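Just below is one structure, and these are the notes that go with it.
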Amino acid sequence: MLIWQPWRLVIQRVHLKAAMKTIYVKPGKIKRKWYLIDADGKALGRVACKASSIARGKHRPFYVPHHEVGDYVIIVNAEKAKLSGSKFQNKLYYRHSGYPGGLKVESYEELVGRLPASPMKKAVRGMLPRGPLGNKLYGNIKIYAGKEHPHQVQNPETLEL
């Protein structure tokens, strides 16, 4: 390290042992918790953002972006999530069959009527990374349209937004 003083140049050695080290925890050694989020009356995007953040492990001090170090998340009442403005009628979801003329378009209102939990699933999936890690993280998020869920045995901790 160089320290500039007007009358001389002082050079000091920096010891590597004094520098901070990166904490690295193996994914198999992590104790995972279960969190429960009730989406009733909450904004769809805020619920999806919080769920994906917890699933990735960004709330932990030993977070690394290339490993699965997050917790499990249960989202209930996904069909009762709110959208701001006129998005309920105007927000569109697209899918394509792969064949010519195979583009299907439906509004949020139609999609919730057909598959109540699907908009929440699409929002959460879009906030996770692509590839094998994102697929694994998406498997740690359980989304249910109603209030009932089969994960009472895990004693999930209720998370308020």
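The values are calculated or read from the model by the stated rules, or taken from the named source; none is laboratory data. Remember, predicted model here, so these are calculated numbers, not experimental data. As a convention, Cβ positions derive from the backbone with ideal geometry for all residues, glycine included, and neighbour counts pool all protein chains shown.
Below are the figures for this structure:
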item	result
Residue ranges of strands (runs of 3 or more DSSP E) in the range 1-107 with at least 3 members modelled with pLDDT under 85	2-5, 8-11
Tabulated pairs, the range 71-91, first farther than 19 Å from PRO150 by Cβ and free of Cβ contacts under 8 Å to residues at least 24 places away in the same chain, second outside any strand (DSSP E or B) and not polar (S, T, N, Q), C-beta under 6 angstrom, 6+ apart or interchain	PHE88/TYR108; PHE88/GLU109; GLN89/GLU109; LYS91/TYR108
In the range 118-149, the residues that are part of a strand (DSSP E or B) and within 18 Å of LYS82 (Cβ to Cβ)	ILE143
Top-ranked residue of the range 150-161 - restricted to ones that are touching a Leu at 6+ places or on another chain (Cβ under 7 Å) and assigned to a loop (DSSP other than H, G, I, E, B), ranked as surrounded by the most Cβ atoms within 10 Å (Cβ to Cβ)	PRO156
Residues of the range 139-154 that turn out to be within 18 Å of the chain's Cα centre (by Cα) and without any contact (Cβ under 8 Å) to a residue 24 or more places away in the chain, as a count	1
Condition check for GLY113: surrounded by 16 or more Cβ atoms within 10 Å (Cβ to Cβ) and either assigned to a helix (DSSP H, G or I) or of a type in the set (Asp, Glu) (or both)	no
Residues that are of a type outside the set (D, E, K, R) and loosely packed, with under 15 Cβ neighbours inside 10 Å, drawn from the range 78-92	SER84, GLY85, SER86, PHE88, GLN89, ASN90, LEU92
Residue that is of a type in the set (S, T, N, Q), closer than 30 Å to PRO27 by Cβ, crowded, with 18+ Cβ neighbours inside 10 Å and modelled with pLDDT of 95 or more, where the choices are ASN135, ASN140	ASN140
Residue in the range 153-160 that is among the aliphatic types (A, V, I, L, M), touching a helix residue (DSSP H, G or I) at 6+ places or on another chain (Cβ under 7 Å) and under 24 Å from SER53 (Cβ atoms) present	no
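For every residue, the table says whether it meets (1) at positive phi; (2) touching a helix residue (DSSP H, G or I) at 6+ places or on another chain (Cβ under 9 Å); (3) of a type outside the set (Phe, Trp, Tyr).
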site	(1), (2), (3)
SER52	no, yes, yes
VAL64	no, no, yes
ILE74	no, yes, yes
GLU79	no, yes, yes
LEU83	no, yes, yes
LYS91	no, yes, yes
GLY98	yes, no, yes
GLY102	no, no, yes
GLU110	no, no, yes
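To keep it simple, each residue is scored yes or no on (1) crowded, with 18+ Cβ neighbours inside 10 Å; (2) under 18 Å from THR158 (Cβ atoms); (3) among the acidic types (Asp, Glu).
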position: ALA48; (1), (2), (3): yes, yes, no
position: ARG60; (1), (2), (3): no, no, no
position: VAL64; (1), (2), (3): no, no, no
position: VAL69; (1), (2), (3): yes, no, no
position: VAL76; (1), (2), (3): yes, yes, no
position: HIS96; (1), (2), (3): no, no, no
